[in-house]
Amino acid sequence: KDYGVQESLKRLGIETMNQGATTGTDWFECKGLVSESYSPIDGSLIAKVQNADRDDYEKILQKAQEAFPVWKKMPAPKRGEIVRQIGNALRDAKEDLGKLVTLEMGKIYQEGLGEVQEMIDICDFAVGQSRMLYGFTMHSERPNHKMMDQYHPLGIVGVISSFNFPVAVWAWNAMLAAVCGDVIIWKPSSKVPLCAIACQKIIQKVLKENNVPEGVFNLVVAKSSVMGDNFIEDKRVPLISVTGSTAIGKRVAEKVGARLGRTIAELGGNNAIIIAPSADLDMAVPGIVFGSVGTAGQRCTSTRRLIIHESIYEDVKTRLLNAYKQVEGKIGNPLDEKTLVGPVIDANAVAIYQRALSEVKKAGGKIVFGDKTLGGNYVIPSFCEVENHWQIVQDESFVPVLYLIKYSTLEEAIQLHNDVPQGLSSAIFTLNVREAQTFLSSVGSDCGIANVNIGTSGAEIGGAFGGEKETGGGRESGSDAWKTYMRRQTNTINYGEELPLAQGIKFDL
Ligand code: UN1
């Protein structure tokens with residue numbers, strides 16, 4: 001069954017394999033190697049992609065450089081108008097693009113649609129933001145002086161995105177950067193190039209219709225090994241926003257830091273939920289299950305650890321067992337609307353799943369459910385009883401394996417919670433206001449995201465997204481994350497006829 005996939009690909013302008021290779025740019029043919037994109041659903045070849053080589057990268061970079069002076073001079077609300085139209089074009093393409101996300105990445109269609117919705121939402125957010133690039137005004141200590149902040153466009157923003165959110169995380173970065181007056185070069189994960197090409201086509205159409213230079217939004221499809229360090233070491237790219245593993249992020253941050261460039265790093269998570277004695281378990285269990293098995297455990301916000309009060313531990317375990325059994329019956333083709341869990345991305349992810357579970361067993365843990373592969377890239381989501389300090393529990397395994405840990409006091413729960421290298425997302429289920437507020441206080445969760453009575457994943461675009469410690473420290477998406485995409489300037493203006501110095505210094509000539 002095709003689920004209308006071929007029709008969607010056609011409407012998105014993705015040429016399938018029989019028609020030669022699809023390229024990442026609209027305005028010239030790249031000359032790099034031809035790579036292939038396979039669907040994790042059944043391992044079939046979707047299309048071939050003509051990659052960029054180093055010369056192509058140079059051409060694309062120049063195109064971006066040419067576009068920047070034009071784009072940055074356009075008033076911000078006018079840039080917002082272009083982003084508004086991009087949002088509408090994404091609305092029109094929502095089903096097709098959502099289907100392509102499912103086909104190429106393997107998340108269920110509902111989540112594919114949700115991901116495109118995130119793009120639409122950030123477009124709307126960015127349109128509003130384009131009229132709110134606010135700075136403060138300050139009262140000067142000197143007479144007849146005034147002071148203010150200004151935010152100016154920064155330049156070329158590099159976006160390196162990961163396979164698990166092939167389109168949304170790029171959009172968080174790109175749409176904000178665009179209203180800020182920056183131009184964007186996107187290097188998507190080489191596991192999901194077609195999603196990026198489809199977005200690029202949608203955007204280029206809008207740019208063309210509005211006579212905006214094509215170099216405002218650029219796409220470089222290339223293997224990291226081919227691009228080498230060109231991109232991250234390139235001084236012409238003042239900001240690199242990277243999403244991926246902690247190992248990748250460290251490397252990018254080192255290279256960009258060495259040239260004193262700016263980075264936004266959104267890296268690994270080891271997200272936990274504390275289940276307190278008063279928790280409403282009818283709410284908590286679906287929250288846990290969506291967080292741990294949703295997207296087949298491949299969100300950076302996926303729930304990896306459950307820290308459960310001893311008085312309700314057995315009850316939670318039984319309820320989870322029932323829920324996971326139901327999920328087991330709904331593993332399969334993610335295009336099928338009855339499916340809740342699709343495949344993991346590739347054979348390597350299956351191996352990570354197997355390794356995680358065998359490490360748990362080696363350490364003396366107990367696997368309560370799962371520990372079974374189903375052929376292809378399909379695995380049964382698993383949960384097990386572990387100790388927090390075990391190396392395997394300290395690491396982020398990007399697969400649907402959930403760890404259960406018992407606690408007796410809230411203090412102990414928070415200590416276990418924070419005792420991992422990562423710090424992205426966290427949650428507590430409790431009806432006790434003291435516990436909830438303690439969890440959100442300075443002695444509570446050390447993560448960038450801390451929730452009460454909802455799970456760790458599925459954040460809205462309106463909040464700043466990112467985390468602490470090995471998660472990298474950057475913030476993307478909502479709140480005032482836009483400021484990172486701009487160059488800040490403090491202005492002092494003297495409208496008087498004297499030249500008093502600050503701090504009352506006398507300097508008489
Ligand atoms: C990611 O996995 O890189 O909060 C991003 C969430 C989504 C974004 C996840 N809105 O789960």
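For this structure, a couple of remarks:
- Shape class for region 203-246: prolate, because the ratio a/c of the largest to smallest gyration tensor axis (alpha-carbon atoms, square roots of eigenvalues) is 1.5 or more and a/b beats b/c.
- FRET efficiency estimate (nearest 0.05) - Cβ-Cβ, residue 355 to residue 326, R0 25 angstrom: 0.40
- Region 195-271 and region 38-113 have Cα centres spaced 12 Å apart.
- Sites residue 501 and residue 250 - FRET efficiency at Förster radius 60 Å, r taken between beta-carbons, to 0.05: 0.85
- Within region 383-509: Cβ-based charge dipole about Cα centre, in debye rounded to nearest 20 (Lys, Arg +1; Asp, Glu -1): 320
- Reachable lysines from residue 325, criterion Cα separation under 28 angstrom, eight or more residues apart if same chain: 1, 99, 107, 317, 338, 361, 362, 366, 372, 406
- Length added when fully stretched, residue 58-residue 318, from 0.36 nm per residue minus Cα-Cα: 87.8 nm
- Unit charges on C-beta of K, R, D, E only; dipole of region 282-331, Debye: 260
- Considering only 349, 8, 231, the residue lying farthest towards the positive end of the dipole of the chain is 231, judged by Cα position with unit charges set on Cβ.
- Point-to-point label distance, residue 409-residue 311, nm (Cα→Cβ direction, 7 Å offset): 1.6
- Cα shape, region 1-58, gyration tensor, a/c 1.5 rule: prolate
- Per residue, the average separation of C-alpha pairs within less than 8 Å and at least 6 apart gives the chain a relative contact order of 17 percent.
- The chain shape via C-alpha gyration tensor axes, a/c threshold 1.5: oblate
- Label zone at residue 34 (point 7 Å along Cα-to-Cβ), backbone N below 20 Å, region 168-210: 190-198
- Simple spin-label estimate for residue 150 and residue 433 gives 4.8 nm between the two label positions (7 Å along the Cα-to-Cβ direction from each Cα).
- If only the Cβ of Lys and Arg carry +1 and only the Cβ of Asp and Glu carry -1, the dipole of the chain around its Cα centre is close to 780 debye.
- Pairwise FRET efficiency - residue 210 versus residue 336, Cβ, R0 = 30 Å, nearest 0.05: 0.15
Read-outs throughout are calculated quantities, based only on the coordinates presented, and are distinct from any laboratory measurement. Since the model is a prediction, treat every value here as computed from it, not as a measurement. A quick note on method: Cβ atoms are made from the backbone with ideal geometry, for glycine too, and the neighbour counts reach across all protein chains shown.
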